[in-house]
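Since the structure comes first, as structure tokens, the remarks are kept for the end.
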Amino acid sequence: MFGLFDKKYHNPELLETIRQTQDRWFDFLDKLETRMHEMCMAAVPEIREVFNQDTDLYKRAHGHMLMGLRGQIDQMRHKANKTKEENIFYFIDCATAELPDFISSAGREYHNKLHTFRMDCINRHYIFEEKIAHYTSLLNNAAGEQDLEAIYQEQLTAFENIRDKFVCKQCGGNMTIPQIFFIATYITCPFCQTQNTFIPSTGAQMVLHQARCLAEQRTAHLLKIYEETKPKNHHLYQQYLRSMFDEWNKIVPDMAEENEKFHQRLLQDHSNSINHY
Amino acid sequence: MGENEEKRTLTYLERLKQKAITQENYGGEIKEEEAKMEVHDCPECGAGRAFRQGLTACAYCGFKFMDIRLTDGVHIKKENNS
């Protein structure tokens, strides 16, 4: 009973297989990491070049390239996960089934060895996952930040230059655009009351699209302060969000009502999330 | 790192870059346009579109510009229904 008086269990073959499997697993991840490193290091300048040359308003060529590279990294992650399941965990399960009982003194030593082996493999995989996170953010940030403030100021100046230059299409009377608009709007002719449709330039329309990013750029220092606190301070996040939305609303006042709803939603999401450590 | 390995990484990147640059975007290229003013005349009486209890019908002859009911948007409001 319980195998308390069994002879000591010896299986040098199993020990050798464990050692070889672990070596192969470490080598495999080493190779993947080297490949990832080479690819990302070569890719960073290329991403920057594509971003700078990309004339598309939404920088879609850059987006395609980034997606392709991230897909490659995902393939590596997938390969590692598959190998872990098929060659490490499956092997451990098979080996465990053939060992004497865990509660017998004969079996315990080998169970412990398998446990150590499992933990070593998992820890090595954890390091691999951290490298994936590192290289992914390296790729994401490779293009650097666009100077959205300059683009925005450019649009404001452009608008000031054209705001008095329009005439009513119906009667030819001079019209002044009351404020900067980012989407098409009706402007009433002061002379004949005709509703003219004012369609802003493509650049002005893009301000609406970039407003949030610009507001985030303006308040990035507040987010940094929040992110550096440990444990994370909920009030600092609220402060950051408030000033980010204030900036956002300043850029596109027409959207303030909608933005406020989104603000409430983000606050709620944050208080419901568990990542406050 | 072997020479072949380096070659493979480079050619993959080159191909990816080429593809990213030459790929056509859904909906075609976006043309940059200047700000402009447009006006919608009434096809029935030729009058300009003026506000009279709303914008969906001609203020002069009553021609219906659109059949839908407007809802509140950023600049267009419910009050713009004739």
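Taking the range B:36-60 on its own, how many of its residues are within 25 Å of residue B:72 (Cβ to Cβ) and either touching a Gly at 6+ places or on another chain (Cβ under 7 Å) or of a type in the set (Asp, Glu) (or both)? Looking only at that region, the number is 2.
On the basis of being surrounded by fewer than 11 Cβ atoms within 10 Å (Cβ to Cβ), modelled with pLDDT of 85 or more and away from chain A (no Cβ under 11 Å), does residue B:22 make the cut? Outline the logic, then answer.
On the way: surrounded by fewer than 11 Cβ atoms within 10 Å (Cβ to Cβ): yes; modelled with pLDDT of 85 or more: yes; away from chain A (no Cβ under 11 Å): no.
Spelling it out, it is not the case that residue B:22 is surrounded by fewer than 11 Cβ atoms within 10 Å (Cβ to Cβ), modelled with pLDDT of 85 or more and away from chain A (no Cβ under 11 Å).
Please note which helices (runs of 4 or more DSSP H) are completely contained in the range A:186-277 and include at least 2 residues that are touching a His at 6+ places or on another chain (Cβ under 7 Å). Reasoning before the result, please.
On the way: elements: A:202-218, A:220-228, A:234-251, A:256-272.
Because the criterion is at least 2 residues that are touching a His at 6+ places or on another chain (Cβ under 7 Å), the helices (runs of 4 or more DSSP H) in the range A:186-277 that meet it are A:234-251.
Just checking, does the range A:165-173 include any residue being over 25 Å from residue A:60 (Cα atoms), away from chain B (no Cβ under 12 Å), in contact (Cβ under 8 Å) with a residue 12 or more places away in the chain and surrounded by 12 or more Cβ atoms within 10 Å (Cβ to Cβ)? No; the residues of the range A:165-173 include none that is over 25 Å from residue A:60 (Cα atoms), away from chain B (no Cβ under 12 Å), in contact (Cβ under 8 Å) with a residue 12 or more places away in the chain and surrounded by 12 or more Cβ atoms within 10 Å (Cβ to Cβ).
When residue A:106 is tested against (1) surrounded by 15 or more Cβ atoms within 10 Å (Cβ to Cβ); (2) at pLDDT below 90; (3) not in a helix (DSSP H, G or I), just one condition goes unmet, and that condition is (3). Scanning the range B:1-18 for residues that are more than 7 Å from chain A (Cβ to nearest Cβ) and modelled with pLDDT of 85 or more turns up B:12, B:14, B:15, B:18.
Taken over the range B:44-78, the criterion of being in a loop (DSSP other than H, G, I, E, B), of a type in the set (A, V, I, L, M, F, W, C) and either under 24 Å from residue A:183 (Cα atoms) or touching a helix residue (DSSP H, G or I) at 6+ places or on another chain (Cβ under 7 Å) (or both) is satisfied by B:51, B:55, B:58, B:65, B:66, B:68, B:70, B:74, B:76.
Conditions tested, residue by residue: (1) at the interface with another protein chain (Cβ under 10 Å from one of its Cβ atoms); (2) surrounded by 19 or more Cβ atoms within 10 Å (Cβ to Cβ); (3) not aliphatic (A, V, I, L, M).
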site	(1), (2), (3)
A:28	no, no, yes
A:36	no, yes, no
A:41	yes, no, no
A:88	no, yes, no
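In the range A:43-83, the qualifying residues are those that are in a loop (DSSP other than H, G, I, E, B) and not hydroxyl-bearing (Ser, Thr, Tyr), and the one that is nearest to the other protein chains (Cβ to nearest Cβ) is A:57. Each residue in the range A:43-75 was checked for being among the small types (Gly, Ala, Ser) and surrounded by 19 or more Cβ atoms within 10 Å (Cβ to Cβ), and 2 of them qualify. Pairing each residue of the range A:71-82 that is without any contact (Cβ under 8 Å) to a residue 24 or more places away in the chain and assigned by TED's automatic domain parsing to the domain that holds residue A:130 with any residue that is surrounded by 12 or more Cβ atoms within 10 Å (Cβ to Cβ) and in a helix (DSSP H, G or I), provided the two are 6+ apart or on different chains, yields C-beta distances under 9 Å for A:74/A:132; A:81/A:125. When we screen A:159, A:181 for residues that are part of a loop (DSSP other than H, G, I, E, B), within 12 Å of chain B (Cβ to nearest Cβ) and surrounded by 18 or more Cβ atoms within 10 Å (Cβ to Cβ), the only hit is A:181. Inside the range A:144-193, residues that are in contact with a Cys (Cβ under 6 Å, 6 or more places away or on another chain) and within 21 Å of residue B:75 (Cβ to Cβ) make up a count of 5. Flag set for residue B:55, criterion: touching a residue at least 12 places away in the same chain (Cβ under 8 Å), within 8 Å of chain A (Cβ to nearest Cβ) and out of contact with any Asp or Glu (no Cβ under 7 Å at 6 or more places or on another chain).
The values are calculated or read from the model by the stated rules, or taken from the named source; none is laboratory data. Computed from a prediction, not measured in an experiment: that's the story for all the values here. FYI the Cβ positions are ideal-geometry reconstructions off the backbone, even for glycines, and counts take in every protein chain you see.
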